[in-house]
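The values are calculated or read from the model by the stated rules, or taken from the named source; none is laboratory data. Remember, it's a predicted structure, so these values are computed and weren't measured experimentally. Every residue, glycine among them, receives a Cβ derived from its backbone with ideal geometry; neighbour counts consider all protein chains shown. Calculation scope for accessible area: heavy atoms of the full protein, side chains included, ligands and nucleic acids excluded. Shrake-Rupley method; radii C 1.70, N 1.55, O 1.52, S 1.80 Å.
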Amino acid sequence: MSERTAPAAGEPGALYGYLVEFDKVDELLVGARAVRDAGYTRWDAHTPFVIHGLDAAMGVKKTVLPYLVFGAGLTGTVGGIALQWWTNAVDYPYLISGKPLFSLPANIPVAFETTILFAALTALVAMLALNGLPRLYHPLFTNRAFKRATDDRFFISIEAADPLFDRSATRELLESLSGRTVEVIEEA
Amino acid sequence: MMSPATATELGIADGELVELEAGGRSVELPVCLLPGQARHSLAVALGYGRTAAGQVGNGVGVDVYPLRTLAAPHILRGVSVRGTGRSHALATTQDHFAIDTIGFAERNARAGTLVREATLDAYLADPHVIHAHDHHPPLISLWKDHEYEGEQWGMAVDLNTCIGCNACVVACQAENNIPVVGREQVLAQREMHWIRVDRYFRTDPGLTMGEVEDAAVVFQPMACVHCENAPCEQVCPVAATQHTRDGLNAMVYNRCVGTRYCSNNCPFKVRRFNFFNYHKELAETTMMQFNPEVTVRARGVMEKCTFCVQRIEAKRIAARNERRPLRDGEIVPACAQTCPTRAITFGDLNDEGSAVSRSREEPRSYATLAELNIRPRTHYLARLSNPADGGAPAHAEGHADDGAHGKESA
Amino acid sequence: MQGKALDITTETRHLDGVLRPALTICGVLAVLGLAGSLLLAGAGEGGRSHLLETYLVSFAFFLSLSLGALFFVLLQHLTRAGWSVVARRIAEVLAANVWLLALLAVPVVLGMGHLYHWTDAAAAAHDPLLAGKTGFLNSGFFLARLAAYFAIWGLLASFLHRSSVAQDASGDPALTLRMERLSAPGMILFALSLNFAAFDLLMSLDAHWFSTIFGVYYFAASVVGFLAVMPKILYVLQWRGILRNAVTVEHYHDFGKLLFAFIVFWAYIAFSQYMLIWYGNIPEETQWFLKRQTGDWAVVSLILLFGHFVLPFLLLVSRMIKRRPLLLAATGAYVAVMCWIDIYWLVVPEFSPGVARFGLLDVLCFLGLGGVYSAGVLLRLGRHSVIAEKDPRLDESLAFENA
Amino acid sequence: MSTSTAADLSYLDNTGTDPAVRARLVVGDNDFHSITEKVCGIVEQPRTPPAWWVLFAISSSLTLVLFAMIGYLVTTGIGVWGLQVPVSWGYAIVNFVFWVGIGHAGTLISAILFLLRQRWRTSINRFAEGMTIFAVVCAGIFPGIHIGRVWLAYWLFPIPNQMLMWPNFRSPLLWDVFAVGTYATVSLLFWYMGMIPDLASLRDRAKTRIRYYAYGLLSLGWRSSNRHWHRFEFAYLLLASLATPLVLSVHSVVSFDFAVSIMPGWHTTIFPPYFVAGAIFSGFAMVVTLIIPTRKIFGLEEIITARHLENMAKIMLATGMMVGLAYSTEFFIAWYSGNRYEAFTFLNRAFGPYAWAYWTMVTCNVVVPQIFWSRRLRNNPAVLWVASILINVGMWFERFVIVVSSLSRDYLPTSWGYYRPTIIDVLTFVGSFGLFFTLFLLFVRFLPIIGMAEVKGVMPQAHLDRPGHRGHGDYHGDIAASEVV
């Protein structure tokens, strides 16, 4: 692939980035630290399961998810109480068993459930949204070896879009790690 | 009908088919154990087992005329009884299940607080004697109670005058288009009466069922008591039963989805459920007999006493048209109207002068299960008796007992 | 084999130098508190009754700490927990301090006549409800039960404490197995005894009232109480240089999480009890809450709702607080005060309807009892290492990290 | 930890008690790849085993029975059941509570055990979560069909309608709608979310286009990115923290159905925690009932190990004791309360016409679990399996006792009755098992029944980098001996 015919970024055939495969967790962690220390930002590790310590090794920032979920939960509580107050005490009040129109103790269970419902839905939806999922196609899927990322292999990928990305320097960095051959991933 | 003691002697069980033989003729009848029936005597009902009584009457029960002779038209002597070992299910609206020992004892123990009685002497000595056994904390809710304004309907049932004739039951049935469900449904305990006459027997304490020789009967007409804090209302998810402004515990049939939760939470079990479409197979002419003022209930909805709300509204409209307030005693529910002894009083509880309000003032007035803080709008006036020997009914621990007060007596 | 694990022998593991000044403080508190409250009680009108009532409150509070600790120790053994080993000895000591509480129960027993109205046989005979309960609620049986409870708790706690101490010397893993094995039936005995102790000590203050969940409520209060004081104890120890490296922020974090969970559990139980009774609206049950929402007690109820649930919930939901030992210890101390108010709310409305006459007497009595209790804990803690030195899972606990 | 010869099966036994050694959660010579092979292999078998077809035929026929019964019920009326006036809730509600109870184990194992760092959960959580969903499906049917006018069930939702009416939020049945609805939703989310990485594994191994696209679609393009894992883990943690109180709340709300009433035997403040304990109890019993044959058939003994079964037996013992404590507390307080109605209800339970149900319940729920005190018995899968079935029976009877015996004799003796189920009741109940097993069989055939990604995460190989980290969870042990990558 020569420079002259290289398609613009994002188009088919353009360089997406490099991918390197590791056999073991500790190799991956060492590699991740190296890439992190080199200052890359648009890169990722791919592992078949959660590896504790990898977040630190990669320097992944804490997600905002908990705040979103907390906010959604609060909305659920307020919404749940408001719904019950408005329907039973304002919009259509009726006398029930001599109880007050707005019977707060009896409204707690529903308010609790709406809290959980809102928060849980937000947890999943926000997680997917922040992750940019669903995204059924991705350049990495074109690589055969990458299929084992969901089985027993560990990968590091660096995107060409990274400001520090340099075809040779990045390749050298990756080759210095104890992984296998560095593979070139193209957009398709 | 046979007393339990006699049955024990003869080794006969409740509902067992027995062969009665007198003068060489015999009939086969199911036994219904009834405390209070004199020992070694039996009672059988005439008029059943007809063959030309039409759809309703044919083949119901057993014809006992073969036993009857000119010589002994009413009382037969020397009848022999032989158990057959087979049994027949007697459909009754109470005692759907043979009572075991603990249930029997418990019923006896409860009757005294549910249906209150006192002797005249005791009452004169202390008019509050019928409240002597109320032990409950003040009836205060954890929230601020509603103020009830305007007419507030209530009822009083005088147990002193009630003779337990069941006329109210029939009147209610006719007035409110209550379906007749038939033997099978009654056997399945699905009778539809909105008002019923609860019957307890008073026996000597400590007896088991088989030892009961003699028993007196106490009874209490029971319909929806329209509790102020009705336990049924709060549990309905669709608000199909709620309180009206004039204090009725109203049942909104077309809102009801039939969870039956209200019935479960009703301590009086006065709510009735349409398990099937009971009006499905009625003849056109039968349908025309329905009271047009009252909804015919669909399958799958709950129904119960409304205090004859159609009558209340009719009188209210009439009064409004005549631009006058409602008069006390003007509104008469079907049960009250029919009661031959005028045991039922209906009226406005917010009107201090109304008959029903005045009856509340009586020391005899009490509400069944008042200790649950449900505030029933139907109160009862305790029964006073004046036995010749001055002894008899102790109001205290009521003694009741089992038997059958059947709709169908074979 | 644990490369990064701490060598426990490099830690300060004994109270030694700290013990004497700490004991002095406790002693001063105890003397001042108890003498002061006796003095106050003698002076004021109805003071003696008030003292008895507030004594019962503080007694039940400190008892709840020991019971919570006992539960914690039993649970750690049952689940073969690893993370908590560094802190288990302290819990063992708190639990074993239940012996001291057995002694402290004497005033409650002496004051029975005032505290438990069913002890008045004549009145009970007059009251059909109480008459029906005399088979259970009578002084003799009550005392026998009380003795049984303390025997169960004390023996369980002593066994666990002593076995653990024995392991310090021998390092025998079989001791761990023995403790695990005993913890299963121990937990059952504990559950039964706590359940009935709650009925006896607190629920029978109003012998007309009953609630099947009451035992669970006191259980929840106990565990919250214990978890609330635990970070504070750890913090103070570390502040005095003890277990400086053994106990890490990870352990605080876990105690924080547990405290959070049990505060929610407490709220769940409290809500269930209240809501069901509110909803059923049967006077024989509502009367109890009615007392607690009349007059001053309505305010105390609200304080509990917000102070014992809403505020701690909001504080502890944050990871930040759970991972700052000082903040967590402060939050715990605050929650412990709320726990005391909770028990105050259980006891005192029975004697003082409508008026929450909280005053110096309550404070002094609490401090006095607290001094005695803490001295008991210190003495026991000072006798051995403050950490289960040779527990087979100690390394695991030292290296523990919240995932 | 022994990794002995193949002929010797003792290596499967990881139930040792040495306190210094954590039991391995996966035994045998397994590495990451072999886990993938084993779990995906179940789904990837080219030919469906005949046994599966036989079971499927039976369970789907029973499902048809269920639908037929529902059809008959809807066209004819609630009267086809044995209900009557004092007992106007019967089998349907008993079944509802029974299934909801079973539906608690999944989320419990997943969420609570996750929060408690009980790493052994990873082998069974997917399975249990699946079971939860199916049980909740079965449970959801009953409140729907038990109402008198089934076609109006939507009135229980707060939907603006032409009657300008709103539902009554004071009713526990409405709480049920929200609680069970939320629970079903959250359980489904939890189950599905946990499955995404495993579905991606299936996608990456797919041999046919259909499988590739089907699993590809379901796995949402998961590419194992650690930045994704980070949020995924956090979302999982949050969901677990939300699901934990949710589990408690759902069965508490179910218990409120009874406890808010004023019926003796129903109105009891201990119901919420007691129901929750019972739900966990029955849920674990059902997991054990299903998992023992499943692990045998698919040869999963190395992943769902003896230790897992033992742990579940212990939890059943513990929750069984809790339930027993609640029974006795209720009994005691019934007497202590001095309330005549309350006291009689309990006397009646134990010695009245439904005594047979009561003693069945006590035997199965309190007596049977006592055998788990014996290490030998609880480690015998056959014994455990039989016991778990008995516990299921007992828990069904517990609900029966609560619902039916309390209602059959309440305040006014004149309204007492005796409830008998009809054949329709029984067939509906049996049919619900058909539905449950149908769904379960489909799950086993098409989805990964073990959370591979999570199991891999607790294998010793996953933590080589961090010796200190071995501390938590129920694994660790001597890494050196188990280093088999």
Item to check | Residues of segment B:243-263 classified as touching a Ser or Thr at 6+ places or on another chain (Cβ under 9 Å) and not aliphatic (A, V, I, L, M), total | outcome: 11
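Kindly evaluate B:GLY59 against the criterion of being open to solvent by 50 Å² or more (accessible area, probe 1.4 Å) and part of a loop (DSSP other than H, G, I, E, B).
Details: open to solvent by 50 Å² or more (accessible area, probe 1.4 Å): yes; part of a loop (DSSP other than H, G, I, E, B): yes.
Yes; evaluated as a whole, the condition is true for this residue.
Name the residues in segment C:163-176 that are over 27 Å from the mean Cα position of the chain (by Cα) and buried (at least 17 other Cβ atoms within 10 Å of the Cβ), would you? Write out each step before concluding.
Initially, segment C:163-176 is screened for residues over 27 Å from the mean Cα position of the chain (by Cα), giving C:169-174.
Across segment C:163-176, the qualifying residue is only C:PRO173.
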Checklist entry - How many residues are under 14 Å from B:ASN254 (Cβ atoms) and within 14 Å of chain D (Cβ to nearest Cβ) when one looks only at segment B:268-304? => result 8
Checklist entry - So which residues in segment D:434-461 are closer than 24 Å to D:PRO46 by Cβ and of a type in the set (S, T, N, Q)? => result D:THR438
Checklist entry - When segment B:338-353 is examined, which residues are found to be open to solvent by less than 20 Å² (accessible area, probe 1.4 Å) and closer than 10 Å to B:GLY154 by Cα? => result B:PHE346, B:GLY347
Item to check | Inter-residue pairs, beta-carbon under 6 Å, first free of Cβ contacts under 8 Å to residues at least 24 places away in the same chain and in segment C:382-403, second crowded, with 24+ Cβ neighbours inside 10 Å, 6+ apart | outcome: none
Item to check | Out of B:PRO292, B:PRO267, sole residue that is assigned to a loop (DSSP other than H, G, I, E, B), open to solvent by 10 Å² or more (accessible area, probe 1.4 Å) and of a type outside the set (A, V, I, L, M) | outcome: B:PRO292
Checklist entry - Looking at B:THR84, B:THR93, B:THR101, which one is under 23 Å from B:ALA22 (Cα atoms), of a type in the set (Ser, Thr, Tyr) and in contact (Cβ under 8 Å) with a residue 40 or more places away in the chain? => result B:THR84
Next on the checklist: Give me the helices (runs of 4 or more DSSP H) completely within segment D:320-395, filtered to those with at least 2 residues that are among the β-branched types (Val, Ile, Thr), ordered by residue number.
Outcome noted: D:355-362
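Tell me, yes or no, whether segment B:10-25 has at least one residue that is free of Cβ contacts under 8 Å to residues at least 12 places away in the same chain and open to solvent by 60 Å² or more (accessible area, probe 1.4 Å). It would help to see each step written out before you state the result.
Let us first name the residues in segment B:10-25 that are free of Cβ contacts under 8 Å to residues at least 12 places away in the same chain, namely B:24.
After this cut, where a residue has to be open to solvent by 60 Å² or more (accessible area, probe 1.4 Å) as well, the list is B:24.
Yes, segment B:10-25 contains a residue that is free of Cβ contacts under 8 Å to residues at least 12 places away in the same chain and open to solvent by 60 Å² or more (accessible area, probe 1.4 Å).
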Item to check | Failed criterion for B:GLY154 (all others in (1) small (Gly, Ala, Ser); (2) outside any loop (DSSP other than H, G, I, E, B); (3) over 30 Å from A:GLY98 (Cβ atoms) hold) | outcome: (3)
Checklist entry - Which of the residues that make up segment D:182-201 are buried (at least 24 other Cβ atoms within 10 Å of the Cβ), among the small types (Gly, Ala, Ser) and farther than 16 Å from D:HIS228 by Cα? => result D:SER187
Checklist entry - Considering segment D:193-228 alone, what residues qualify as being within 18 Å of A:PHE146 (Cβ to Cβ), more than 7 Å from chain A (Cβ to nearest Cβ) and within 27 Å of the chain's Cα centre (by Cα)? => result D:ILE196, D:ASP198, D:LEU199, D:LEU202, D:TYR215, D:SER219
Item to check | In segment D:54-103, residue surrounded by the most Cβ atoms within 10 Å (Cβ to Cβ) [restricted to those that are among the small types (Gly, Ala, Ser), within 11 Å of chain B (Cβ to nearest Cβ) and closer than 22 Å to D:TRP266 by Cβ] | outcome: D:SER88
Next on the checklist: Against the condition in a helix (DSSP H, G or I) and facing another protein chain (nearest Cβ under 8 Å), how does D:ALA240 come out, does it pass?
Outcome noted: no
Checklist entry - Is it true that some residue in segment B:313-330 is under 24 Å from the mean Cα position of the chain (by Cα), open to solvent by less than 20 Å² (accessible area, probe 1.4 Å) and more than 8 Å from every other protein chain (Cβ to nearest Cβ)? => result no
Checklist outcome for this item: Contact list, first residue from segment A:149-160 and under 19 Å from D:ILE196 (Cβ atoms), second anywhere and open to solvent by less than 10 Å² (accessible area, probe 1.4 Å) and assigned to a strand (DSSP E or B), beta-carbon distance below 6 Å, six or more apart or interchain, is A:ALA149/A:HIS46; A:ALA149/A:PHE155; A:PHE154/A:PHE22; A:PHE155/A:LEU19; A:PHE155/A:HIS46
Checklist entry - Could you say which residue among C:VAL216, C:VAL249 is over 18 Å from C:ALA336 (Cβ atoms), aliphatic (A, V, I, L, M) and more than 21 Å from the chain's Cα centre (by Cα)? => result C:VAL249
Next on the checklist: For segment B:119-126, check the following and say yes or no: at least one residue is in contact with a helix residue (DSSP H, G or I) (Cβ under 6 Å, 6 or more places away or on another chain), assigned by TED's automatic domain parsing to the domain that holds B:SER359 and open to solvent by less than 10 Å² (accessible area, probe 1.4 Å).
Outcome noted: no
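Scan segment B:35-56 for residues that are more than 28 Å from the chain's Cα centre (by Cα) and in a helix (DSSP H, G or I) and report the count. Walk me through it before giving the result.
First pass over segment B:35-56, keeping only residues more than 28 Å from the chain's Cα centre (by Cα): B:40, B:50-54.
Checking the rest, the ones that are also in a helix (DSSP H, G or I) come to B:54.
Adding up the residues that qualify gives 1.
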Next on the checklist: Every residue in segment C:41-51 that is open to solvent by 20 Å² or more (accessible area, probe 1.4 Å) and either in a helix (DSSP H, G or I) or touching a residue at least 40 places away in the same chain (Cβ under 8 Å) (or both), please.
Outcome noted: C:GLY42, C:ALA43, C:GLY44, C:ARG48, C:SER49, C:HIS50, C:LEU51
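A quick yes/no check of all residues on (1) within 7 Å of another protein chain (Cβ to nearest Cβ); (2) closer than 18 Å to A:PRO134 by Cα; (3) not in a helix (DSSP H, G or I):
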{"position": "D:ASN161", "(1), (2), (3)": "no, no, yes"}
{"position": "D:PHE169", "(1), (2), (3)": "yes, no, yes"}
{"position": "D:TRP191", "(1), (2), (3)": "no, yes, no"}
{"position": "D:HIS230", "(1), (2), (3)": "yes, yes, no"}
Item to check | Subset tally (residues that are within 14 Å of chain B (Cβ to nearest Cβ), in a helix (DSSP H, G or I) and surrounded by 21 or more Cβ atoms within 10 Å (Cβ to Cβ)) for segment D:405-463 | outcome: 8
Checklist entry - Taking segment D:327-340 only, how many residues are in contact (Cβ under 8 Å) with a residue 24 or more places away in the chain and at the interface with another protein chain (Cβ under 8 Å from one of its Cβ atoms)? => result 4
Checklist entry - helices (runs of 4 or more DSSP H) wholly in segment A:1-105 with at least 3 residues that are surrounded by fewer than 19 Cβ atoms within 10 Å (Cβ to Cβ) - which ones? => result A:25-38, A:65-85
Checklist entry - Which is within 18 Å of B:ALA223 (Cα to Cα) and assigned by TED's automatic domain parsing to the domain that holds B:THR241, of B:ALA298, B:ALA367? => result B:ALA367
Checklist entry - Regarding B:ARG255, is this residue open to solvent by 50 Å² or more (accessible area, probe 1.4 Å), charged (D, E, K, R), over 30 Å from B:ARG107 (Cβ atoms) and more than 24 Å from the chain's Cα centre (by Cα)? => result no
Checklist entry - Going by the structure shown, is C:LEU38 of a type outside the set (Val, Ile, Thr), open to solvent by 70 Å² or more (accessible area, probe 1.4 Å) and either at pLDDT 80 or above or touching a Leu at 6+ places or on another chain (Cβ under 6 Å) (or both)? => result yes
